[in-house]
Amino acid sequence: MKRIEHIGIAVKDLEAANKTYEAVMGVEPYKMETVESEGVTTSFFKVGESKIELLAATNPESPISKFIEKRGEGIHHLAFYVDDIEAEIERLKKEGFRLLNESPKPGADNKLVAFMHPKDANGVLVELCQEK
Ligand code: ZN
């Protein structure tokens with residue numbers, strides 16, 4: 001893995017959270033995007049090399065709705081940048097980690113993504129991402 005690509009934060013109200021993070025980070029989101037297959041609308045902030053992804057649910061069945069019901073708003077995942085996502089998936093499987101995605105799928109911000117099971121990483125949902 002290369003570096004932390006972004007930190008994902010689950011929010012109830014994306015417009016309100018955008019205003020909050022604009023105030024915190026001093027920049028506006030550089031992108032907003034809905035990924036209908038995932039039931040999320042996202043916005044991305046960048047300062048220096050660091051990115052924050054805010055995620056809000058688009059429907060009650062969305063994984064983000066379920067996360068907020070269970071744990072409230074807050075940090076949802078850590079995303080690591082990888083050069084070869086298929087190879088990383090295979091490597092992690094060999095190490096005994098469970099992947100929520102056997103093969104990469106399209107994610108927000110022009111990425112291919114795959115998630116690891118949070119129970120295998122001390123309760124943290126880990127995302128692998130690679131530029132499409
Ligand atoms: Zn993410």
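Data for the structure
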| quantity | calculated |
| --- | --- |
| Conditions (1) under 19 Å from Leu54 (Cβ atoms); (2) surrounded by fewer than 19 Cβ atoms within 10 Å (Cβ to Cβ); (3) within 16 Å of the ligand (Cβ to nearest atom); (4) not β-branched (Val, Ile, Thr): number failed by Leu112 | (1) |
| Pick from segment 72-92, criterion in contact (Cβ under 8 Å) with a residue 60 or more places away in the chain and outside any strand (DSSP E or B), ranking: farthest from the ligand (Cβ to nearest atom) | Asp83 |
| Residue tally, condition among the aliphatic types (A, V, I, L, M) and under 11 Å from the mean Cα position of the chain (by Cα), over segment 80-117 | 3 |
| Looking only at segment 29-42, and only at residues there that are surrounded by 16 or more Cβ atoms within 10 Å (Cβ to Cβ) and away from the ligand (no atom under 11 Å from the Cβ), the one that is farthest from Val126 (Cα to Cα) | Pro29 |
| Given (1) within 13 Å of the ligand (Cβ to nearest atom); (2) in contact with a Ser or Thr (Cβ under 9 Å, 6 or more places away or on another chain); (3) under 16 Å from Ile9 (Cα atoms), number of the condition Phe45 does not satisfy | (2) |
| Residues of segment 1-28 that turn out to be more than 15 Å from Phe67 (Cβ to Cβ), more than 14 Å from the ligand (Cβ to nearest atom), of a type outside the set (S, T, N, Q) and crowded, with 17+ Cβ neighbours inside 10 Å, as a count | 1 |
| The one condition in (1) hydroxyl-bearing (Ser, Thr, Tyr); (2) touching a residue at least 24 places away in the same chain (Cβ under 8 Å); (3) not in a strand (DSSP E or B) that Thr20 fails to fulfil | (2) |
| Residue match in segment 58-67 (condition: in contact with a Phe, Trp or Tyr (Cβ under 9 Å, 6 or more places away or on another chain), of a type outside the set (Phe, Trp, Tyr), within 16 Å of the ligand (Cβ to nearest atom) and outside any helix (DSSP H, G or I)) | no |
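The numbers here are math on the coordinates, done by the rules we state, and not lab data. Owing to the predicted nature of the structure, the values given are computational and were not obtained by experimental measurement. For neighbour counting, all protein chains shown are included, and Cβ atoms are generated from backbone atoms with ideal geometry for every residue, glycine included.
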